[in-house]
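Throughout, read-outs are computed from the coordinates displayed, never taken from laboratory work. This is a predicted model, so every value here is computed, not measured. Positions of Cβ are backbone-derived with ideal geometry, glycine not excepted, and every protein chain shown enters the neighbour counts.
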Amino acid sequence: MKRYGSVLSALITIGCSSSSAVDADETTTGEASSTSENEPEESSSGEPEGPSLLCADGEPLVGGNAGWGAPPFEPPVEGEPSEDDDDDGFDTGLSTGFITDPDGGGVSIECSTWDQDCADGEKCGPWANDGGPVHNATRCVPLAPDPMAPGDPCVVEGSGVSGIDDCDIGVVCYDVVEKSLEGTCVEMCSGSEDSPTCPEGAWCNITNDGVLALCMPNDLCVDDGVCQCMCGEGMDPDCKKGQCDEAPKAVDPLDLRTARYTEAESMCPDDADPVVLYMSNDDSNSQASPVIARAAIQNGGIVDRSQIRIHEFLNYYDLSYDNPTEEAAKVGVQMRRTDPETGEFTLMVSARSRQMTAEQRPPLNLVFSLDTSGSMSGPPLDMMKETMYATAGSLRAGDTISMVTWSTEQSVLLDGYEVEGPNDPELVGLIDALGTNGGTNLHAGLVAAYQLANEHHIDNGINRVMLVSDGGANAGVTDLDLIASESSDNDGEGTYLLGVGVGVGTGYSDNLMDAVTDAGKGAYIFIDSAEEAQHMLGERFLSNTMVVARNVRTRLTLPWYFGLKRFHGEEVSGDPTEVEPQHLGPNDTMTFHQIISACDASLISDCDSIEASIEYTDPLTGVVHTDERTVAIEDVVLEGANVLRKADVVVGYAKALIVIGVMADNGNLEGAATVAQNMATWAAAAAEELDDPEVDEIASLLATYVETLN
């Protein structure tokens, strides 16, 4: 049985002298594969060589190179900050390798576990932002109403490394069993990383690049016959000099280097087992991040880099192409070689959903759950009304609408009301009359909304709760449990959540909506203008409220010599159980943008193939469907790739905002302005070639950002 972060029990039995041992600080688990039929041969020097080309008649790949350049900024790399030695003559000031790791949500450190600098009702905790089994980031999460103390049993939400648990501030649920999601509350170190402190009888173990700092019992590092490498050099009397240095490392399925090879310098594996990766956008159709960033730029502010989630940029901008009319979803692949010398490619895999018109959609049971607390007065209330006006215009006769407002108390304004059609007079009248007052009681508002949704459930339709708030409320563990349980009932037709953040962008906190939509398997959007309301709930009403494919899981199979260098989705793993499938609306595309690289560029054969497939469930029939595409590398790199180029612009824009934010935080506004200017010029050239208004908007936003930074 798998455990996340196992240390309180299983770790004690792992000795560094064992050939099967794993680093005692938390690392990615993995098993060495058994010997394949394609055994490595030994060269004349005695060193093993990797397998030969898979295609007997294959030739080295020629052509297929991208017809566009990379974004004009040097991505930060692991190690020390750069010293103004790149071609553009500026220092990013970023010392961590966020580009070389799967991006997840962008910059990893969103809060300090040492300072516990989150808002009231929240705590800062470690979590895995890349879908893997390792804590690699920090974020603010809701604090449980009755939190557990160190040593108490605990439960986590979603996965063992989600960071959402019922432990107290400064305490994390650890040693979590995968199936039950139960663990033990362990106290995190206090003080600072330079001077950590723990209670008497414990010491501070700092791992995972500083993300995880736990107080471990002293009796781990005693004369007990077992070497605990986590104790550090000279701390465990059972460890011999150099013993821990020789301990084998666990296999990281996302790294180019593999533990299946010998001590030779080659990065290639010694067998021809294909590389299989499963991927998902855990937040489904969440799209708030680029709108929040745009609002900050338009208002003359600096974009908060912690709110940049690259996969949401890919969700927001239109990357759909050749959507099917019959099947609920089809898989798509576009690819270009971006560095022939190193064998690096940019690859986009997509799940493209069925086209649907308003007349074709199923009936809708929609419950508005509206935050009318005092903090909603002014622009947030105005944007909530614009959101509802746009939604009212997209309804049709017979749709069932309920409405509950919540502040200190709750009021049910509509209960299972069937609208006459678009812009129903009674519904519009209630929207006109909305006002604000009182405090905030999110939990009661959610309970009332889901009760209404259940009372008017449509078996052959779509059931949604639309939560509209300025983000000022805090969702507790019980709220997330409620939302998650309602998102899937016995027959799989649950009530999905659509989270709508409202306001002007500047100062807006999106922790609430990000958490609740993750639990509710729904979209998260942000509305800062009447135009954006019409865009998301008028033009995109169907894709943001309907579902044509449930539990979509994407699989990518690559030739053995490829590795995943960078991933710009939310979840990716070689283990399908580690990837949470999500839902897909009509007229939409779920996009996974990634950089893959060959261990040896000369091994890339024109007749080797890439296989992409999706599996999904029909939301009305419950039938499981699959679609797959296998294409030779020489063919896919010559196919049209305009959508891939646009995706490159979108990803480059999001990463540039992160880099600019880091530089601005470090006081380097001149360097930040240089990045923005270079990116604006690059995006403008792409907009002209692609003739795409969204790319043109990105270029314009970057040009505006230059003025702010100067």
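Points worth noting:
- 3J(HN,Hα) couplings calculated from phi for segment 619-635 with the Karplus curve 6.51 cos²θ - 1.76 cosθ + 1.60 (θ = phi - 60°) are, in sequence order, x, 9, 9, x, 6, 8, 10, 9, 9, 9, 9, 10, 9, 5, 4, 5, 7 Hz; Gly and Pro show x.
- Span per principal axis, largest first, for the Cα atoms of segment 358-545 (Å): 40, 34, 27
- Computed from phi, the 3J(HN,Hα) profile of segment 683-691 under the Karplus parametrisation 6.51, -1.76, 1.60 (θ = phi - 60°) reads 5, 5, 5, 5, 5, 5, 6, 7, 6 Hz, with x in place of Gly and Pro.
- Amide proton proximity set for V171, modelled H, under 5 Å, gap of 5+: M188
- Charge dipole (segment 358-545, unit charges on Cβ, about Cα centre) - positive-most of S394, L414, T517: T517
- Approximate spin-label separation D194-T557, in nm, with each point projected 7 Å along Cα-to-Cβ: 5.4 nm
- D115/E341 FRET efficiency (R0 41 Å; Cβ-Cβ; nearest 0.05): 0.40
- Computed E for E426/L620 - FRET, C-beta separation, R0 35 angstrom, nearest 0.05: 0.70
- Per-peptide packing, taken as the mean over residues of other Cβ atoms within 10 Å, places 433-439, 644-650, 119-125 in the sequence 644-650, 119-125, 433-439 from highest down.
- Sequence-distant residues sharing a close amide H with N423 (under 5 Å, placed H): G393, S394, L395
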